[in-house]
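**Q** Submitted below is the structure of interest, expressed as structure tokens.
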Amino acid sequence: MRSVIFVCLGNICRSPLAEGIAQDLNKKYDLGLLIDSAGTGSWHIGESPCENSQIIAKQKGIDISTLRARQVKKEDFSNFDLVIGLDSKNVADLKAMGCTNVKILGYFGYDGADVPDPYFFPGFEGFEKVYEQIEVCVKNLLDLK
Ligand code: 4NP
């Protein structure tokens, strides 16, 4: 696996965290991977990651402030070896677009579970849980257990 793209709904909360964590590991361990993220939806194109995702990442020493949301496109399915959906709806939407090289992130450590959408969470605590879940799975995916 030389390249991976993480896909959620808005590309502002969950997949930027997955991209940031993976980029950090890519740099630390000199993995030479191509890493990106995108959303299935178009609402937030061009936006920075949501504030709580930026805060939790910063607390962990990862700067995701320069990432900008974009919508996933069919070329991504051939440009990346692996397409990772953050929840089962993302995976279903990607498959409906014709993507075959797709897996759910939870396959790599949380029994196939969805990474819950923290966009609608009232507080910050949800982001801490989501961060931990994404970190465990991304480490396993990159084989850095
Ligand atoms: P994400 O969170 O998919 O983790 O980026 C969301 C962001 C925005 C919306 C939904 C989920 N939205 O409906 O606008």
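The values are calculated or read from the model by the stated rules, or taken from the named source; none is laboratory data. Computed from a predicted model, the values in this text were never measured in an experiment. When we count neighbours, we look across all protein chains shown, and the Cβ atoms used for this are built from the backbone with ideal geometry, even at glycine.
**Q** Given the condition touching a Ser or Thr at 6+ places or on another chain (Cβ under 9 Å), within 13 Å of the ligand (Cβ to nearest atom) and without any contact (Cβ under 8 Å) to a residue 60 or more places away in the chain, answer yes or no: does some residue in the range 92-106 qualify?
**A** Checked the range 92-106: at least one residue is touching a Ser or Thr at 6+ places or on another chain (Cβ under 9 Å), within 13 Å of the ligand (Cβ to nearest atom) and without any contact (Cβ under 8 Å) to a residue 60 or more places away in the chain.
**Q** Residue 95: part of a helix (DSSP H, G or I) and charged (D, E, K, R), yes or no? Walk me through it before giving the result.
**A** On the way: part of a helix (DSSP H, G or I): yes; charged (D, E, K, R): yes.
Yes.
**Q** Name the one entry in 31, 17 that is within 11 Å of the ligand (Cβ to nearest atom), closer than 21 Å to residue 140 by Cβ and of a type outside the set (S, T, N, Q). So that I can check it myself, show each step before the final result.
**A** Working: 31 fails: within 11 Å of the ligand (Cβ to nearest atom).
Unique residue meeting the criteria: 17.
**Q** Of all the residues that make up the range 38-83, how many are assigned to a helix (DSSP H, G or I) and free of Cβ contacts under 8 Å to residues at least 24 places away in the same chain? Spell out how you get there, then give the answer.
**A** Of the residues in the range 38-83, the ones assigned to a helix (DSSP H, G or I) are 51-59, 74-79.
Narrowing the set further to residues that are free of Cβ contacts under 8 Å to residues at least 24 places away in the same chain leaves 51, 54, 58-59, 75, 78.
Adding up the residues that qualify gives 6.
**Q** Restricting the range 1-14 to residues that are part of a loop (DSSP other than H, G, I, E, B) and either modelled with pLDDT of 95 or more or among the acidic types (Asp, Glu) (or both), which is farthest from the ligand (Cβ to nearest atom)?
**A** Here is the first cut: in the range 1-14, the ones part of a loop (DSSP other than H, G, I, E, B) are 1-2, 9-13.
Remaining after also requiring either modelled with pLDDT of 95 or more or among the acidic types (Asp, Glu) (or both): 2, 9-13.
Details: 2: 25, 9: 3, 10: 3, 11: 5, 12: 4, 13: 3 Å.
Per the criteria, the residue is 2.
**Q** Within the range 107-145, how many residues are crowded, with 16+ Cβ neighbours inside 10 Å, away from the ligand (no atom under 16 Å from the Cβ) and assigned to a helix (DSSP H, G or I)?
**A** 5
**Q** Being of a type in the set (A, V, I, L, M, F, W, C) and surrounded by fewer than 21 Cβ atoms within 10 Å (Cβ to Cβ) is the filter here; which residues of the range 1-37 pass it?
**A** Those that are of a type in the set (A, V, I, L, M, F, W, C) and surrounded by fewer than 21 Cβ atoms within 10 Å (Cβ to Cβ): 1, 25, 31, 33, 34.
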